Every structure is written in C-alpha cells, then in structure tokens.
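Worksheet for the structure shown next.
The values are calculated or read from the model by the stated rules, or taken from the named source; none is laboratory data. Since we're looking at a predicted model, the values are computed, not measured. A quick note on method: Cβ atoms are made from the backbone with ideal geometry, for glycine too, and the neighbour counts reach across all protein chains shown. Side chains included, ligands, DNA and RNA excluded: accessible areas come from the protein's heavy atoms. Shrake-Rupley method; radii C 1.70, N 1.55, O 1.52, S 1.80 Å.
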Amino acid sequence: MHQDITPLCAADIQDQLRKRFAYLSGGRGQDGSPVITFPDYPAFSEVPDKEFQNVMTYLTSIPSLQDAGIGFILVIDRRQDKWTSVKASVLRIAASFPANLQLVLVLRPTGFFQRTLSDLAFKFNRDDFKMKVPVIMLSSVPELHGYIDKSQLTEDLGGTLDYCHTRWLCHRTAIESFALMVKQTAQMLQSFGTELAETELPNDVQSTSSVLCAHTEKKDKAKEDMRLALDEGQSILESIREPLSKSPEQSLNQDQLDNQTTVQRLLAQLNETEAAFDEFWAKHQQKLEQCLQLRHFEQDFREVKAALDVLAQKIATFTDVGNSLAHVEHLLKDLASFEEKSSAAVAQARTLSLDGEQLIDNKHYAVDSIRPKCHELQHLCDQLAAEVAQRRGLLNKSLELHGLLEASMKWCDEGIYLLASQPVDKCQSQDGAEAALQEIEKFLETGAENKIQELNKIYQDYEPILTQDLMEHVQKVFQKQESMEEMFHRRQASLKKLAAKQTRPVQPVAPRPEALTKSPCPSPGVRRGSENNSSEGNALRRGPYRRAKSEMSESRQGRSSSTGDEEESLAILRRHVMNELLDTERVYVEELLCVLEGYAAEMDNPLMTHLISAGLQNKKDVLFGNMEEIYHFHNRIFLRELENYIDCPELVGRCFLERMEEFQIYEKYCQNKPRSESLWRQCSDCPFFQECQKKLDHKLSLDSYLLKPVQRITKYQLLLKEMLKYSKSCEGAEDLQEALSSILGILKAVNDSMHLIAITGYDGNLSDLGKLLMQGSFSVWTDHKKGHAKVKDLARFKPMQRHLFLHEKAVLFCKKREENGEGYEKAPSYSYKQSLNMAAVGITENVKGDVKKFEIWYNAREEVYIIQAPTPEIKAAWVNEIRKVLTSQLQACREASQHRALEQSQSLPLPASSNTSPSKGNARNVKKLEERKTDPLSLEGYVSSTTLPKPPEKGKASPTSPDKKAKRHEVKSDPTPFGLRGWSKTSHPLEAPEDNDGWSSAEEPINSSDAEEEGGVGPRKLVPGKYTVVVDDEKGSPNTLAVRSGDVVEVVQEGEEGLWYVRNLTSSKEGWVPASSLSMLLGKSSSAQCLSSPESSAGSALLSNSSSCSESCGAPLSDLQG
C-alpha cells in the first residue's frame, strides 16, 4: 500500500546522518550525476532498515530535480570488507534505493583471498546482481578515477574534493531551519495583514489610540522577527562561503553552490515579503492615524460646539436693556466680560475649523464628515459674534437713552433746586424779580441740550429697546420735565409781573391801620391797582379808609401767594428727598448684585478654585452672611414699591411700615458681621479677591462693600427724618413718624443683639428669657441681708462694673471684657455672672445721696443691688422700663385673681362692711367689683374695707390668724411672689468687688430705706395704692373729693398742679385731692399695695406679703410663668 512520505529534515534524522554510513559529498559524474558515497562501514549490516531508508530518502532529496533526474552514481567502498558483506550491501542498496540509479561502482576487498573470492563469486552470481543499472567491480582506486574525476572524489577515494561531514550536516540543519523560519515569517505576516485588513475602525479616541498602539507593537515584533531571519540567512550564507574567504583559489562544489543558491533564494523571498508588508503597513498606519485624527477632531468638535451652545444660550439671556444708566454700564461690562471669556472658545472653534480644512487638504478618507463640521463651526462663531454685536448695539442705544433721561432728570432737579433756592421775599422787589427772571431764562436756555424734545421721536429712535417698564420710565421723566417747565412758566409769569410793577409813591400821612396788616412780601397781585396812568391819581384822591381796605386786600393776596410758594418749595424738597432715596436705593441694589456676582458666585467657579486659599474654602456663608437674602428683598420687593411713591413722596412712610418685618433680616447680617470681618482680615491678601476686584474694576476692596448693608440701614432713618421735616403738615406725617421710630427700633435691636451674642458662660437659652428690652453698663453694689455678714460689709467698698441685660423675664448681670483687635473684632464680650427672675424683683426708684442710683431687690429684699447709672436720664429710662415689666406681671396676676373671684362670687355671699348695712355693703362691693373689671391697676379679690393690717416688722409675728401665718410662711419660703414656680434661678455667686486696687474712702449708703424701717422721719411721698383715712377733711372745698376718717381710699395717679386723683372705696366717689391735704388725711397709714416706692420700707415689696395678697392670690398661678 502506497504511503505519503513526509519530507525529512536533517534535524529529524541528525543522529542517523551522523553515523556516516552514506553521504553526499557534492561530487558529480561526467554527465553531472550526483555521487553518493558508501564509505567503509563495518557495522553497515547492523543499520536498521528504517534508518537506512530515511538516510537514502534524505540524501536523494538534496540535489536539484534536474540533477536527480539524470540519476545517481553510487560509490561503494568495501576494500576492507569481505565478499559476503559486499554482496549483502549491494543487494540491500539495490533493493532500497529510492531514486534513479545511473551507475554503481564497487571497490572490491583488497586482500588476495577475498579479491579472488569476489571475482569467482561475482562471475557465478552475476545473475543475482542484475539491476536496472550496471554494477562495476573495481579492484583499485585508479580504476575508480576512470569513471569519476579525482576532483569529484573525496580524499579517502584518492580525490581532491574538500568535504567535511560535520560541516555539511551543520549547513544542512541551518539551511533547513532558515527555510522554516522564512516560511513561518511569511505565514505570520500574511496572518497579521489579514488581521489588520479585517480590523474595524473604532469610534472614539481612546479605542483608536489603543488599536494603533497594539498594531504598532505587533508590526514592530514582526519586523524584529524578519530582521532576525535575515541575519540568520546572512550568517548561513557567510558560513557556506567561508572556504572561499580562506582560499580564493578554492571553489565550491555543486552541493555547496546549491546550498548557497537556496539561502540566497530564501533571503530574496524574505526581502520581498518585508517590502510587501512595509507597503501594506504604511497604508494601514496612515488609515489608523487618519482615523485617530478624525476621532480627535470629532471629540474637539463636540466639546467646542457644546461650549458655543452654552455661550449662545447665555447670550440669549442677555435680554435686559437696563433700568438706569449705572445698570446699563454694568450690563455693558458684563457683556465685555462675556465676550472676553467667550473669545477663548471662539478662537478654539476657528482653530479647529482650520485643522479640519488641513485634514481635507491632506486627502483624509473622511472628507464628507469633516467638511460639514468645519462649516458648522464657522457658522456658530459668526452667529455668536453677530449676537454679541447686536447686544452691544442695543445696550449702547439703552446707554444713550438713559443718558438722555438722566440728563433730563438732572436738568429737572437743577431747575427744582433753582426754584427752591429763589427767596420769595427778595423776589417781591423789581430788581430781585428781574434777577430771578434772568436766572430762570438762562436756565431754560440749557434745556435744548438736556431735555427731551419730542416724545414720539424718542419712541421712534429707541423702539428696539423700549420695554414696557422703560417706556413708562420715559413717560414719567417726560411728565416730570413738563411739570417742571410748567412750574418755570408760572414762576416766569409771576416774576414778569413783579418786574413790571410800578413802585407806589410814599404818602406823607399819618400811620394807618394798614401798616399793621401789610405783608412784608407783597404778592405780584398788588400791581393790579396801578396798571394805567390814571390809577395813581385815583389812589391819591381816595380816602384813608378805601386805601387801607385796598392795601389790606393786596396784603392778603400776597400772604396767600407766599404760602403757596412755600408749600411748592416743600413739595420740591420732598421730591428731592424721594429722588435721593430712589437713586441711592438703585445704586445699593446694583452694588449688592455686583458683590454677589463678582465675588460670591466666583467662589463656586471651578476656574477660580486655584486662587482660593485653604482658609477661605467653604466659607462663603461666613463671608457674605445673608447678603443674597437682603439683595432679593430690595431688588424684587422694596425698590419696586418705593417707585410707586415717586409721585407722592410724603406717603412713603407706609412703604416702610408695610415692610418693617422684612427689615429684620439686617439683624442676622449684623450678627454675622464680626465673623465676616475676622475671616476677611485673615484672607484679605488672597489672590482670589485681587483677581475679582480687577475684573470688576473696583477701586475699593471687598470689605468696603460688605459694610454697605450696615450703612444702608442707618441711611434710611436720615432720609426719613428729612422727609418728615418737609411733610409735617401732610397726610402721611404720622406714618413717617411711625416709620422713623420703627427704623430706629430696628437699629436699637440690631445694636442690642450685637451685645447679646457676645455673652459667654450662660448655661440656658437666652431666647427663653423673652425679648431684650434694654442693655447698658452700670456700677453695682450688693447687700445680701440674709447671707453672711461679710457680704453686707463688702458692699460698702468700691463697686463692681457690670453690664446689665434687661429681658422680659429676667435681668442678667455680666462682666464686660474688652477684646484686642480692629474693627468688629474689637467688640467686647460679656462674662455671665448673675441673673434675677423678674417675677421676684422689686425696685426702689430713688436712693438718697445720688440721683443716678436706684435699687433692684430680690425676694422681699433678701438680696439688694444698688445700681448707679451713668446719667439720670439713663436711670429714668431703666426705672420706667422695669416698672412696665412689673406692671404687666401684676396686671396678669390680677386678671387671674379677678377671674377666680368672679367664679367664687356666683356661689358665695359677698362679705359685709363693718360700718354699713348688709344690703349697702353688698351693693357697694358689687360696684367695686365692676370697677375692678375695668381698672387694671386695682387689686382684684375681696379685701376688707376696714383698716388693713400693717406689714409685719422684721423678726415679729404678724397679728393675723394662724392660717394666714402659714400662707405667709409659704410665700416667704418660695423665692417667687404669689407662689409662682417653674423658673429656677441659676446664677454664679456674685463675688465681692473684683477691683483690688484700693478701697473706697467714702462709704456709700447701702439702702436709704433702712432708716425708715426703724421709724425714721421725713416728709411723706405719695405713691399709688390703697390707704385708710385717719382724720376728717375739715377744709374740703366743693371741687375736691370729700373723705372722712376710716374711709378706705385708693390713690390712683398724680395730676398737674399738685393734685392726686383719688377713688373713695367706701362712698364709691372719685375726684381730685391736693397732695398737701392728702398727706395730712392719710397720716402714717400704710399702703396696702405698691408697685415701687421711692425710699420705701422693706415691707413695700412688689406685692405685699400681707394677708390680703395671700388670700387673693394664694393659689399658684402657673399660667403666669410666661
């Protein structure tokens, strides 16, 4: 069965070839037949058939097909062998030779016996050697030379052919390995080329770059493999030619020449493959590079187009044409800034378009995709430039219009100033009138270049920018201009009449009554009596009465004219104040917007982040506070509402009153100002602020603009004062006064809050103490009578300096501590020391020896604080405010007591008076109950109408029943009056005077009421309250209230001229009683109730601890705790 023979390689049968039982020396026969030599090889018979067959097959495959077709010559050297071996070798070779044979030459054994034997055996066995080719037995080597030239035989056969079997084997192995390398390289390049050709071009830059890098790496590796193969081929070629390099006379045999030809052929094939691959790679690389360029172009196109789209959207929002000259200038700056910022994107777009055109010129494969994009970029750039130019044109038009409007308004204001500045009295003279008339005419001449000439022409010239608001503004300016011109014309007409008036001759007559009524500033109407030549003569012939009557009439007309001019001047001044308010408000809003856009918004701009220092990161809210909230309030609400009052400025107070609650936002801004100021001082050198200031073209730094809200809130009260000064007789005067008071109240609240936030060391929540009413610094002495004796003694030395905060529910004592620093950082802080619950506080308004001192005492004078104010006025303000707080607490307690008493009256009988009948007593008490319902100052509850018990003296029991004593003990043990609970007093111990630099030489009086507690004498000072009359009123007049000894009266209030309004609770009558009579009638009777008593005794607490108070308010009033 025929089997395919796989071509053998020398490397595969290298061990078999190395045995050298047969070799191809490279010699040729005379006809060019290849010579295969079988040298003397004793173990030839032991060579396995498979090996023999492999070697024969390989050796016959080496010569070219042409040489192999001629046939092979076999030279079998058996000179040293036996005949039997010769016979076996020849038969084996003849049977297994795989190629054509031309001749078989056998060198017989050289021994005599073996040679003779071979001759005989060959003759007798000739038929066994019958082959397709002749077999010639040779006896010697010279005979061999007859068949094959010596030059084609190796040295062992007597020839001169240079042959080394090891070298031959090395060359064959190298050539075959090189051939395999060339084949594999060609296959690799073909596969790589197929891969490149089938690769799809990516759609993004990253993928395209990755593919290009990967392919380049593979190309470089293939090129390296080809370089190695070429080097290998060159090395083999040099090895083949090595004999020639050693001996130029020597030549290569045919096999060597064939090897050389083979290597050269393989090298040429490799070079051709490399050249073809290089050409293919150049095209592929160009395509990949163009693809990468395209992807870069497309990516840049998307980015640039997105940037241009954003710019187009932003320029589309620039629709505002401005509402003032400053606003338009700001918009133009914004547009210039926008154009500057957009120039980079536009330049990038135009550069990208040029890059695209360059790609097209370089014959890019994607021309159809690149050209439309280039055209689109050019179109977008041109469109954006056109939009910017159009916006600039509109804003320039708006700037021109607003400049014209502001020139007109300025001209009107100057005209109004001129009219207001012309004194009416000087204009009554002819010279004064002529001078004023010349001023007016000269001013009117300036109107040609300043005023609006034709309204329709304005509408026509500025139609593209005339919004509804701007058109209304133009109309208002034009109306203002017309009104001002009308005022000028009226003044002109009046002054012309005055300038043309004839001077009245002086009459040498006695004074007439007209001299008393004649106005110092006669009206222009006076000249009507002397307009013709005969009027003067007629006037001379008239009698005194008629002249007096005529001139009195003229005087009245002059006064009427003067009053009208004065009112007109006030109206002009009001409009001026209103214009100033509106102009400064618009500027204020613009400045806030400038700060928010130029600084605050830029802090969030990623392009500016690198300029912001670490200490400024995430501190925008600290630096700017609630400025944005303030801006929105003024821009959206307050400015628009102010503009509604431009025609009636005297009513602008209503605008402030309606928005007074919104002005509370300034308190939050001012409270944050110290933190903002501190942050600014730390970061003022930050490049971010310098860059923003440069962009905004501001001459002042940011801190000046951060102060604007504080300056603005203080500016309002100045403008309101001015407006009120010129509007006292107008309709809105009361609103202006109330608005001014409210603004001042806000300023006070802001100032108080700035001090309040500086308190440190207070454990509770200050907001729980109610509204802050007052705050200020005082000198304080202490006298704690129930405490250690040392505390009372120390009170006589140098006072402590304390800053007091009066709240609705408590008064706080703090120590003021100045801080080092500048600006707001220099603001003091306050260390909390003590707090007193207002529910347990009483006051003594006057302290002997100093009009600036008053007392605050606590828990029925257990603790006494002597307060010295800087001035008597400050003391009076504090005493009045504390009295209001205590009165409101007392009133709340009385209302609760009254409610409870009314509930009891429905089920219990009223107590009868000791000196009246039961029926009258009941009626009187019912009437008194009705009076208590309407009188908030009267103590509600049922109190005996007889003489009330005096307050118990210190250390003595009260002459009351045991149950009342128990109630009084309950009140005394509770630090809050009326048993009020729920407000725990938390305070640090109020230490002794801290200033240890010396003791005071003059002992201050601790409590001026101490002497009275021991029965001191002095004139009695009346205070409101209930008293018992001790003597009859014998000197009573019909106009005063009559009282009798034993009557219970209530002293209500002090009136004028030393009178007191008194209510007789016994007779249910009321009236005025002189203070001197009242003091004598009451004698030393104690008041059952008192709020605060100057120089009062210890018993005159906020509400007396007498039995009447305990009975009426014995139950805890938890609803009054606030």
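In this simple spin-label model, placing a label point 7 Å from the Cα along the Cα-to-Cβ direction at both residue 1031 and residue 386 gives a separation of 10.9 nm. Phi angles of region 835-843 translate, via the Karplus equation with coefficients 6.51, -1.76, 1.60 and θ = phi - 60°, into HN-Hα couplings of 9, 10, 6, 5, 5, 10, 9, x, 10 Hz per residue; Gly and Pro are given as x.
In the full protein context, region 302-457 carries 54 Å² of accessible surface per residue, based on a 1.4 Å probe and ignoring ligands, DNA and RNA. Between residue 425 and residue 492, the contour length at 0.36 nm per residue exceeds the Cα-Cα span by 22.5 nm. Think of each Lys and Arg Cβ as +1 and each Asp and Glu Cβ as -1; about the Cα centre, that makes the dipole of region 402-486 roughly 120 debye. Roll a 1.4 angstrom probe over the protein heavy atoms and tell me the percent of accessible area of region 633-763 that is carbon or sulfur. Using a 1.4 Å probe with all protein chains present, region 633-763 comes out at 46 percent carbon and sulfur. Distances between placed amide hydrogens fall under 5 Å for residue 833 paired with 813, 814, 815, all partners being 5 or more residues away or on another chain.
Only protein atoms count toward the accessible area here, which uses a 1.4 Å probe; on region 444-500, the carbon and sulfur part of that area reaches 45 percent.
Comparing 670, 729, 713 along the charge dipole axis of region 618-760, the residue lying farthest to the positive side is 670, per the Cβ-charge model. One chain, two ends: residue 100 and residue 467. Fully extended at 0.36 nm per residue, the span grows by 120.8 nm beyond their Cα-Cα distance. First check a/c for region 128-218, with a ≥ b ≥ c the square roots of the eigenvalues of its C-alpha gyration tensor; if it is under 1.5, answer rounded, and if not, answer prolate when a/b is larger than b/c or oblate otherwise. Note, shape of region 128-218 comes out prolate.
Using R₀ = 25 Å, calculate the FRET efficiency as 1/(1 + (r/R₀)^6) where r is the Cβ-Cβ separation of residue 476 and residue 417; round to 0.05. Result of the calculation: an efficiency of 0.80.
Along the axis of the charge dipole computed for region 142-246 (Cβ charges of +1 for Lys and Arg, -1 for Asp and Glu, origin at the Cα centre), the listed residues 207, 159, 170 are led at the positive end by 159. Where does the charge balance sit around residue 643 when Lys and Arg score +1, Asp and Glu -1, over other residues with C-beta under 11 Å from its C-beta? Local charge sum for residue 643: -2. Dipole size of region 301-452 about its Cα centre, with +1 on Lys/Arg Cβ and -1 on Asp/Glu Cβ: approximately 860 debye, rounded to the nearest 20.
The slack between residue 280 and residue 155, meaning 0.36 nm per residue of separation minus the straight C-alpha distance, is 39.7 nm.
Selection among 294, 230, 247 by position relative to the dipole of region 218-367 gives 294 as farthest towards the positive end (Cβ unit charges, Cα centre).
Accessible area per residue for region 555-706 in Å², computed with a 1.4 Å probe and the full protein assembly in place, what is it? Per residue, region 555-706 has 48 Å² of solvent-accessible surface. With the simple model of a label 7 Å out from the Cα in the direction of the Cβ, residue 400 to residue 336 spans 1.9 nm. If R0 equals 30 Å, the separation of the Cβ atoms of residue 660 and residue 1072 corresponds to a calculated FRET efficiency of about 0.15. Each peptide in 666-677, 755-766 receives the mean, over its residues, of other Cβ atoms within 10 Å, and ordering these scores from highest gives 666-677, 755-766. For the pair region 691-741 and region 28-83, the centres of their Cα atoms are 125 angstrom apart. Residue by residue, region 15-24 carries 3J(HN,Hα) couplings of 5, 5, 5, 5, 5, 6, 7, 7, 8, 10 Hz when phi is fed to the Karplus relation 6.51 cos²θ - 1.76 cosθ + 1.60 (θ = phi - 60°); x denotes Gly or Pro. Given R0 = 25 Å, the distance between the Cβ atoms of residue 703 and residue 621 translates into a calculated FRET efficiency of 0.90.
For region 689-778, lysine pairs with C-alpha atoms less than 21 angstrom apart, excluding pairs fewer than eight positions apart on the same chain, total 10. Taking the average, over residues, of other Cβ atoms within 10 Å as the packing measure, peptides 584-593, 388-397 rank 584-593, 388-397 from highest down. In terms of its alpha-carbon gyration tensor, region 378-470 comes out prolate; a/c meets the 1.5 threshold, and the first ratio a/b outweighs b/c. In terms of accessible area, using a 1.4 Å probe and ignoring ligands and nucleic acids, 103, 65 rank largest first as 65, 103.
Each residue of region 302-313 is assigned a 3J(HN,Hα), and the resulting list reads 4, 5, 5, 5, 4, 5, 5, 5, 4, 5, 5, 5 Hz, derived from the Karplus form 6.51 cos²θ - 1.76 cosθ + 1.60 (θ = phi - 60°), x at Gly and Pro. Spacing of the modelled spin labels on residue 91 and residue 344, each 7 Å from Cα toward Cβ, amounts to 10.2 nm.
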